[in-house]
Amino acid sequence: MKPNSDYRRTYPISWEQLHRDSRALAWRLLDLHYFKGLIAITRGGLVPAAVIARELDIHLVETICISSYDWQDKKGEAEILKGVDGDGEGWLLIDDLVDTGRTAKLVKEMVPKAHFATIYAKPAGRPLVDTFVTEVSQDTWILFPWDAESTFVQPMAGQGR
Ligand SMILES: O=P(O)(O)OC[C@H]1O[C@H](OP(=O)(O)OP(=O)(O)O)[C@H](O)[C@@H]1O
């Protein structure tokens, strides 16, 4: 996904921080339940899912694959490319982020009994998540390390306000 004008702030996440935050989520999940397997929501859930599966010693990993038609403003339709069998009972459902809650609503209809966990949660989607680590304001763009590269930036004094 790409930022649009709805976002007023950017919150860049490094690989190291993402690893640390994924481990923090694993700590919260550790004593919660026994999970027979993990379902990653593609694509953003794939990286945290790998870290959490490792920490919780989960080897059975599934995916729910969702593609947004209009990923730039998040107002377009989402297409479910692949689901899973069953109602999610005993499964851990992982995504990187819940933002508007649109993806969360879709997946919870598919696997209502799964335990839904994300690393980051914004207020609009937060009620749909069972466990998360960090709340971020709705107008903040979370810049994930796989969407970024290091580049030159102007000094703050030269950027204008
Ligand atoms: O709560 P929502 O408003 O639905 O936003 C959250 C979703 O947005 C991101 O996926 P994205 O649509 O960018 O697809 P991708 O992970 O395949 O890049 C993220 O990984 C979540 O799945």
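The values are calculated or read from the model by the stated rules, or taken from the named source; none is laboratory data. Please read all numbers here as calculations on a predicted model, not as lab measurements. Keep in mind that these areas ignore ligands, DNA and RNA; they rest on the heavy atoms of the full protein, side chains included. Shrake-Rupley method; radii C 1.70, N 1.55, O 1.52, S 1.80 Å.
A few points about this structure:
- Heavy-atom accessible area ranking, 1.4 Å probe, most first, across 140, 63: 63, 140
- Relative contact order for region 9-145: 27 percent, from Cα pairs under 8 Å spaced at least 6 residues apart, divided by residue count.
- Among the listed pairs 82/108; 36/122; 36/105, those beyond 21 Å (Cα-Cα): 36/122; 36/105
- Region 9-145, accessible surface, carbon-and-sulfur percent (1.4 angstrom probe): 52 percent
- Both the radius of gyration and Dmax for the chain are 16.2, 56 Å, in that order, over alpha-carbon atoms.
- Computed extension length for residue 11-residue 81: 22.3 nm, one decimal, from 0.36 nm per residue of separation with the Cα-Cα distance subtracted.
- Highest-MSF residue in the chain out of 150, 68, 22 [GNM, Cα springs under 10 Å]: 150
- Accessible solvent surface per residue of the chain, calculated while the other protein chains remain in place, 1.4 angstrom probe, Å²: 60 Å²
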